[in-house]
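Data block below; observations after.
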Amino acid sequence: MHALIRSGLFILTSMLLIACSQKQDQSPTVVDEAVQPSYKVTTLVPGSPFHGIHGLTFDADDNILVGSVVGMSIHKVDPDTGAVSLYQGPPEGMADDLEFSADGTLVWTAFMLGELYARPAGGKATKIASGLAGLNSIAFKQDGRLFATQVFLADALYEFDITGKQPPRMIMENMGGLNGFDFGPDGKLYGPIWFKGQIVRVDVDTAELTVIADGFTVPAAVNFDSKGVLHVIDNETGEIFQVDIDSGEKHLIATAPSNLDNLAFDSKDRLFVTNMSDNAIYEVNRESGELRTVVGGPLTTPAGISLDGDLLYVADLFSFSKVNIESGEVSDVSRIISDHEYPVSVTANGDHLIIGSSNAGMVQGYDKQTEQRIWRWTGFSAPGGLLELADGSVIVAETGSGKILKVSGDEGATREVLAENLTEPMGLAITADGKTIYVTDAGSGQIIRIELDSGKQTVVKTDLSMPEGIAIDARGSLFVAEVGARRVLKIKPDGSTEIIADELPLGLRGYPGLPPSFLPTGIAVDNQGVIYLSSDIDNTILKIAPYEG
């Protein structure tokens, strides 16, 4: 899966990312008022079954098996009806690429965990290799030998013993990112070199690599059909090509939405591709170029949200999206991962659209009118919540360092520390006069008020269970996504609290061994008191509105 890319090592060192089921509940907050049946929860944007999908393969009955890294699961999908069922759950189910052996054993690469798994037909998953961060693409040679590559977190090609009894044999390294590969009729390995825009042939016995085609933007994967014709997908352009492996000549057969990740053929030579931004599997008609959506969804893994008029901006991990709050229609601001690097936070409270990526340590701004990126700042430690001040400076909740920063100047070089020694600062909200901000500290369970002029800090609420997103309404009430308790809490100016809604689908956990925080759950409130909330469990955007009267 390409670009959890630069993510991996940064994630592991900066305390953040992803994972497998639901956040552990902590002791609940004691509230001052009973639950009030005064708000109605509805779905503004419907959900989807995956958290980004990557490799796919077919079983003996032509069912699709598809893997997800973020969701840490493998699902079975009926290619005709789109029906989805869980095949292998988390954490062992983390799969970037997967393939069946001749005897029906499914093998897959757990990208972030650096592990290789095998599950025989009717059996249980077992780990057959570990300690190889960035294990990515996998395939069997015709003689039954198993091969896989490390990509993005390392750069190497290995042969593996499917029994796990023998250690992996490194064949070669530093190829440039040998991603989704396949073996051709000649027994040679063919695959894309992600960072060089090339398609190569590799002799796995002599470690000889030959470039057979180039000129691609970001080639992500290749696969042969039953006639031995090589097919290539380009992640960034969405183009799908046939490539002559002798001449290198390429023929465009279809164009899909960008952020394609992998492809596979069923026993009838039907071509299917996966798309991360759309949580989708498409069937590709190779004659007409038409696409049929087998399964998909409007959002992949929504995190931070920000409201601007009738538009709700969403940091959707694999896309930067916007939602019309009247219709619920979702559209893209940006979906090219090389442009926005897995956004998890967003603000539209000022003159710009600003997003942050925790794994890339990046904060970048877009022009609101053109939606074109105009600046990009790097070097942050897992940036979470964001706010733009009237003078154009940006407040950043730096989750990885426990600091609140005020960033300004050319290239965002001026970084004033407003607060430090926090545990996991995540959400930010600002008062109407622009003089005061509120910060959620997910790790300590606190909400902290900071006066921007004086720097004075006051703890306004304690004993919360993983508070993440925070918003403030016109009357000064705070609305908090209390993720550990799976609810939205209202904190009134007098300090009293009210549970607005509970038993909500919140709380995707981090990889084993990491803190549970990953995606800063987003919350926003409009002038009528309607609350919007992102769900990282079922990928919905919820609308929580006061009952009339």
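The values are calculated or read from the model by the stated rules, or taken from the named source; none is laboratory data. Given the structure is predicted, the values throughout are model-derived calculations rather than measurements. Reconstructed Cβ throughout: ideal geometry from the backbone, glycine too, with neighbour counts over all protein chains shown. What goes into the accessible areas is simple: the full protein's heavy atoms, side chains included, and nothing from ligands, DNA or RNA. Shrake-Rupley method; radii C 1.70, N 1.55, O 1.52, S 1.80 Å.
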Peptides 313-324, 465-476 ordered by average Cβ neighbours within 10 Å, highest first: 313-324, 465-476
Can you order the peptides 216-226, 280-290 by their average number of other Cβ atoms within 10 Å per residue, highest first? 216-226, 280-290
Tell me, what are the semi-axes, in whole angstrom and largest first, of the equivalent ellipsoid of segment 56-199 as set by the roots of 5 times the Cα gyration tensor eigenvalues? 23, 17, 16
Please go through segment 177-258 and write out the GluC sites (Glu not before Pro) that DSSP classes as loop and that have at most 14 other C-beta atoms within 10 Å. Glu249
Can you report the principal axis dimensions of the chain using only the alpha carbons, biggest first, rounded to whole angstrom? 74, 49, 47
Lys127: which lysines have alpha carbons under 19 Å from its alpha carbon, excluding same-chain residues fewer than 8 sequence positions away? Lys165
Suppose the Debye formula is applied to equal point scatterers at every Cα of segment 174-236; what is log10 I(q)/I(0) at q = 0.11, 0.22 Å⁻¹? -0.21, -0.82
As a test of the formula, what do you get for the chain when each DSSP H run with n ≥ 4 contributes -39,500 (n - 2.57) and the sum is divided by the residue count, at 222 nm and rounded to the nearest 500 deg cm²/dmol? -500 deg cm²/dmol
Work out, step by step, the length gained on full extension between Ser496 and Glu451: first 0.36 nm times the residue separation, then minus their alpha carbon distance; give nm to one decimal. 14.1 nm
Can you tell me the dipole magnitude for the chain around its Cα centre, using point charges on the Cβ only (Lys, Arg +1; Asp, Glu -1), in Debye to the nearest 20? 1000 debye
Using a 1.4 Å probe over the heavy atoms of the protein chains, calculate the carbon and sulfur portion of the accessible area of the chain as a whole percent. 45 percent
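Suppose all protein chains stay in the model; what accessible area per residue would a 1.4 Å probe give for segment 293-348, in Å²?
Dividing the accessible area of segment 293-348 by its residue count gives 25 Å².
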What do you get for Rg/Rh of segment 373-412 when both radii come from the Cα atoms and Rh is the Kirkwood radius? 0.94
If you place +1 on the Cβ of every Lys and Arg and -1 on the Cβ of every Asp and Glu, how big does the dipole about the Cα centre of segment 360-510 come out, in debye to the nearest 20? 140 debye
What lysines does Lys141 reach when the alpha-carbon gap must be under 17 Å and sequence neighbours fewer than 8 apart in one chain are set aside? Lys188, Lys227
Check which residues have an amide H placed less than 5 Å from Gly350's amide H, if you skip close sequence neighbours. Glu388
Please list, by residue number, every one of the GluC sites (Glu not before Pro) in segment 358-464 that is coil in DSSP and has at most 14 other beta-carbon atoms within 10 Å. Glu371, Glu420
Which value, to two decimals, describes the C-alpha radius of gyration of segment 287-383 once divided by 2.2 N^0.38 Å? 1.13
Let me see the P(r) profile for segment 302-452: every Cα-Cα distance counted, bins of 10 Å, each bin given as a percent of all pairs. 12, 45, 35, 8, 0
